[in-house]
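Quick notes on the structure that follows.
The values are calculated or read from the model by the stated rules, or taken from the named source; none is laboratory data. On a predicted model such as this, the values are computed, not experimentally measured, just so you know. Cβ placement follows ideal geometry from the backbone for every residue including glycine, while neighbour counts extend to all protein chains displayed. Note: accessible area is taken over every heavy atom of the protein model, side chains too, but ligands, DNA and RNA are not part of it. Shrake-Rupley method; radii C 1.70, N 1.55, O 1.52, S 1.80 Å.
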Amino acid sequence: MRYLAGVTSLAYDQEKCTGCGRCTEVCPHGVFLLRDRKAAVGDRDRCMECGACAKNCAFGAITVTAGVGCASAIITGMITGGEPVCDCGGPTNAAPGGCC
Amino acid sequence: MNEARISAPVPLAFVKRMPPAFSRGTIDTPAGKVFRITTAWSREDRWGAFQSRVSAYRMTYAVAPGLYAVGDPGPGSPVFVSANYKLSFDVLRRSLDGIDGWVLVLDTKGINVWCAAGKGTFGTDELVRRIRASGLEQVVTHRRVIVPQLGAPGVSAAAVARETGFRVAYGPVEARDLKAYLAAGGKATPAMRTVRFTLADRLVLTPMEVLPAARKYPAFAAAVLLTMGLQPSGILFRDAWQQGWPLLLQGSAAIVAGALITPALLPWVPGRSFAAKGWLVGFVTTWLLARFAAPPAGSTGVLAAAVTLLFFPLLSSYIALQFTGSTTFTSMSGTKKELRLFLPVYLAGAAATVVLLAVIKVKEWQLL
């Protein structure tokens, strides 16, 4: 299954890559591949902006605006003027719904 | 979760007083006594898992963080890191049948691994804290923890190694692949590294889509009956019901279309936008239903049909868009784009619905 194309905030700087392969390990959608001892972005439209690659790249070669792809969280963020956050799990959480 | 219950090694008094239902005694480690857990699910575990899938029960379904033993582990046994959402913990436990190992449960406030990783509660700081608090370096001689791959958005493997000396090995996405992962010497195949979203995965999530929407249904039904029954002479129950029931039926169908059919048929409904998919499924549903559940024909029949075909597909679309929060592949940038595109459409549709209803009423009452 694929989501909207051409929207991801994923940016990758191959210059900084040491070829450790962590990004290929943590990406749940196989966006990164190892090619000639460097990571390469394969199918970037599969990126869901979870942030695992950037968090685990010790060399700062990857940046992505991580966040939840959740309409209800984004609408809540728009109303409260804050960042989109899932309503699940907060200390004041009373919402019976939610993703998790 | 009571902080006093979190610290490990687990105090003996605690061990004696409240062994969790999934434990079978304790084992001694250099860092103190640790509960040994079973890998089998009891009737209570299954019932708890079911309730977590259909209600807010999940919000308080947690286990005490800390170190647990599974099988007959020793200083060389692998360490599996988990969240303290009990369903996450139970799925891991069940996958470790026949394996001797340690389970290190982080305090994720009762939230599952992936969601907690997104928030950072399943994260570097908590992992470092828990490794230290559990005395893990006394319990095992190796320096390696197996963290579920979906925990990676919250965990910086490099920072954990720097802080604790433990190397993070990312295990497979699904706990059920752990045995194969271990058998392969800690190597996950690309398939084990990829998150899926099968029909079963989607269906198990639909109760939490349908039920919250259904909870708003009584208010919708009251509004429909009130509007339909409203006459210059007062509220007529006969009119309320005669004109209202097709709309009540359409309302429930729109919930089913957006919250159940669209998620179930997700890969097969054309398009990539959830709002568009939901609208399409909603339109087909509304149209099919309108063929035999049409309001009584009259001077306002065409207008009533127009309102029906305008409002209900949009309702289904809006509900389907909420499912973005439950998928394994939607991005924030993509969902924001959908909202920028469709929120104005929903608002315009709602306004047009109100206007059309007013026109119907005016015609019905022959005010013009």
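Out of the residues in segment B:111-125 that are open to solvent by less than 40 Å² (accessible area, probe 1.4 Å) and assigned to a helix (DSSP H, G or I), which is nearest to the other protein chains (Cβ to nearest Cβ)? Once the filter is applied, the top-ranked residue is B:115.
Among the residues of segment B:89-98, are any within 11 Å of chain A (Cβ to nearest Cβ), open to solvent by less than 40 Å² (accessible area, probe 1.4 Å) and out of contact with any strand residue (DSSP E or B) (no Cβ under 8 Å at 6 or more places or on another chain)? Looking through segment B:89-98, none of the residues is within 11 Å of chain A (Cβ to nearest Cβ), open to solvent by less than 40 Å² (accessible area, probe 1.4 Å) and out of contact with any strand residue (DSSP E or B) (no Cβ under 8 Å at 6 or more places or on another chain). Number of residues in segment B:65-88 that are of a type in the set (Gly, Ala, Ser), within 23 Å of residue B:141 (Cα to Cα) and open to solvent by less than 10 Å² (accessible area, probe 1.4 Å) equals 3. Checked against the criterion of being more than 18 Å from the chain's Cα centre (by Cα), at pLDDT 95 or above and not in a helix (DSSP H, G or I), the candidates B:173, B:145, B:128, B:160 yield just one match: B:145. Residue A:1 fulfils the conditions (1) at the interface with chain B (Cβ under 9 Å from one of its Cβ atoms); (2) touching a Lys or Arg at 6+ places or on another chain (Cβ under 8 Å); (3) without any contact (Cβ under 8 Å) to a residue 24 or more places away in the chain except for a single criterion, (2).
Just one residue in the set B:282, B:258 is open to solvent by less than 20 Å² (accessible area, probe 1.4 Å), within 14 Å of chain A (Cβ to nearest Cβ) and closer than 15 Å to residue B:315 by Cα; that residue is B:258. Filtered by the rule that a residue be more than 11 Å from residue B:128 (Cα to Cα) and surrounded by fewer than 24 Cβ atoms within 10 Å (Cβ to Cβ), segment B:147-166 gives a lone residue, B:158. The numbered conditions (1) part of a helix (DSSP H, G or I); (2) free of Cβ contacts under 8 Å to residues at least 24 places away in the same chain are all true for residue B:366 except (1).
Of all residue pairs spaced 6 or more apart or on separate chains, those with beta-carbon atoms under 7 Å, a first member in segment B:309-323 that is within 14 Å of chain A (Cβ to nearest Cβ) and a second member that is part of a helix (DSSP H, G or I) and at pLDDT below 95 are B:319/B:213; B:321/A:71; B:322/A:71; B:322/A:72; B:322/B:209; B:323/B:209. For segment B:54-63, the tally of residues that are surrounded by 19 or more Cβ atoms within 10 Å (Cβ to Cβ) and outside any strand (DSSP E or B) stands at 5.
The set of residues in segment B:33-53 that are part of a strand (DSSP E or B) and touching a Leu at 6+ places or on another chain (Cβ under 8 Å) comprises B:33, B:34. Of the set (1) of a type outside the set (Lys, Arg); (2) surrounded by fewer than 17 Cβ atoms within 10 Å (Cβ to Cβ); (3) farther than 29 Å from residue B:118 by Cα; (4) in contact with a Phe, Trp or Tyr (Cβ under 9 Å, 6 or more places away or on another chain), all apply to residue B:267 but (3). Only a single criterion out of (1) among the aliphatic types (A, V, I, L, M); (2) in contact (Cβ under 8 Å) with a residue 60 or more places away in the chain; (3) crowded, with 19+ Cβ neighbours inside 10 Å is not satisfied by residue B:332, namely (2). Total residues in segment A:6-25 satisfying the condition of being within 7 Å of another protein chain (Cβ to nearest Cβ) and in contact with a strand residue (DSSP E or B) (Cβ under 6 Å, 6 or more places away or on another chain): the figure is 1. Residue pairs whose Cβ atoms lie under 9 Å apart, separated by 6 or more positions or on different chains, with the first residue in segment A:34-55 and at negative phi and crowded, with 18+ Cβ neighbours inside 10 Å and the second modelled with pLDDT of 95 or more and of a type in the set (Lys, Arg), are A:39/A:22; A:53/A:22.
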